[in-house]
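Engineer: First the structure, which I've put down as structure tokens, then a few questions once you've had a look.
The values are calculated or read from the model by the stated rules, or taken from the named source; none is laboratory data. Remember, predicted model here, so these are calculated numbers, not experimental data. Methodologically, a virtual Cβ is constructed for each residue, glycine included, from the backbone with ideal geometry; neighbour enumeration extends over all protein chains shown. Accessible surface areas use protein heavy atoms only, side chains included; no ligands, DNA or RNA. Shrake-Rupley method; radii C 1.70, N 1.55, O 1.52, S 1.80 Å.
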Amino acid sequence: MKKIEAVIRPEKLEELKDALKKGNINGITVDQVMGCGQQHGWTEHYRGSEIMVNFLPKVEVKVIVDDSKVQEVINLIIDTVKTGEVGDGKIFVSDVSECIRIRTGEKGLDAL
Ligand SMILES: Nc1ncnc2c1ncn2[C@@H]1O[C@H](COP(=O)(O)OP(=O)(O)OP(=O)(O)O)[C@@H](O)[C@H]1O
Ligand SMILES: [Mg+2]
């Protein structure tokens, strides 16, 4: 299993939620986050050093899927949220060792 974390523009969340549903991805977790990428948000000088004064609001969408679905979900996210402008976001993929459905005790792919 893999965890796919996509940091996206907040205004793209609804569209992505619908696209994931259409792609038969059921479980998702969504966080409102603040962040910056290679443009560093906005910076200002304070007591001789450059500090960040503004992170930009983003939304982080987390989906755990079977390894075989990873590329499909990545493509779906890109197709849905890409504008081609800076700040489109980023996708992180990492390993997940276990998943347990609390109600039934099912494990692994059965629990997704
Ligand atoms: N290396 C990183 N680690 C953790 N979070 C990141 C990283 N890069 C980007 N993010 C998160 O993704 C959000 C969007 O990043 P963004 O799309 O601006 O990336 P970028 O590298 O600056 O690319 P672009 O040049 O297209 O803007 C950031 O606000 C931050 O929350
Ligand atoms: Mg950026």
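Engineer: In nm, give the distance between the simple-model label positions of LEU56 and VAL86, each being 7 Å from the Cα along the Cα-to-Cβ direction.
Structural biologist: Between LEU56 and VAL86, the simple spin-label model gives 0.8 nm.
Engineer: How about the stretch 1-77: which chymotrypsin sites (Phe, Trp or Tyr not before Pro) there lie in a loop by DSSP and see at most 13 other Cβ atoms within 10 Å?
Structural biologist: Counting only loop positions with at most 13 other Cβ atoms within 10 Å, the chymotrypsin sites (Phe, Trp or Tyr not before Pro) in the stretch 1-77 are PHE55.
Engineer: Need one number: nm distance between label points at VAL33 and LYS17, each 7 Å from Cα along Cα→Cβ, rounded to one decimal.
Structural biologist: It works out to 1.9 nm between the two label points.
Engineer: Under 10 Å, Cα contacts only: if you run a Gaussian network model on the chain, which one of ILE100, ILE74, ILE91 comes out with the highest mean-square fluctuation?
Structural biologist: ILE100
Engineer: What's the percent breakdown of Cα-Cα distances in the stretch 2-111 across 10 Å bins, shortest bin first?
Structural biologist: The distribution over the stretch 2-111 is 13, 39, 28, 14, 6, 1, given as percents.
Engineer: I've got another one for you. Which of the lysines could a cross-linker bridge to LYS58, judged by Cα under 18 Å and excluding same-chain residues fewer than eight apart?
Structural biologist: LYS12, LYS17, LYS82, LYS90
Engineer: Tell me which residues come under 5 Å, amide H to amide H, from GLU106 once H is placed; ignore anything under 5 positions away on its chain.
Structural biologist: For GLU106, the qualifying residues are ARG101.
Engineer: Is the stretch 1-51 best put as rounded, prolate or oblate by its Cα gyration tensor, with a ≥ b ≥ c the root eigenvalues, rounded for a/c under 1.5, and otherwise prolate when a/b is larger than b/c, oblate when not?
Structural biologist: Here the stretch 1-51 falls in the prolate category.
Engineer: Could you check the spin-label model distance between VAL96 and LYS3? Points 7 Å from the Cα along Cα→Cβ, value in nm.
Structural biologist: Each label point lies 7 Å from its Cα, and together they span 0.9 nm.
Engineer: Tell me the carbon and sulfur percent of the accessible area for the chain, rounded to whole percent, probe radius 1.4 Å.
Structural biologist: Percent of accessible area from carbon and sulfur atoms in the chain: 50.
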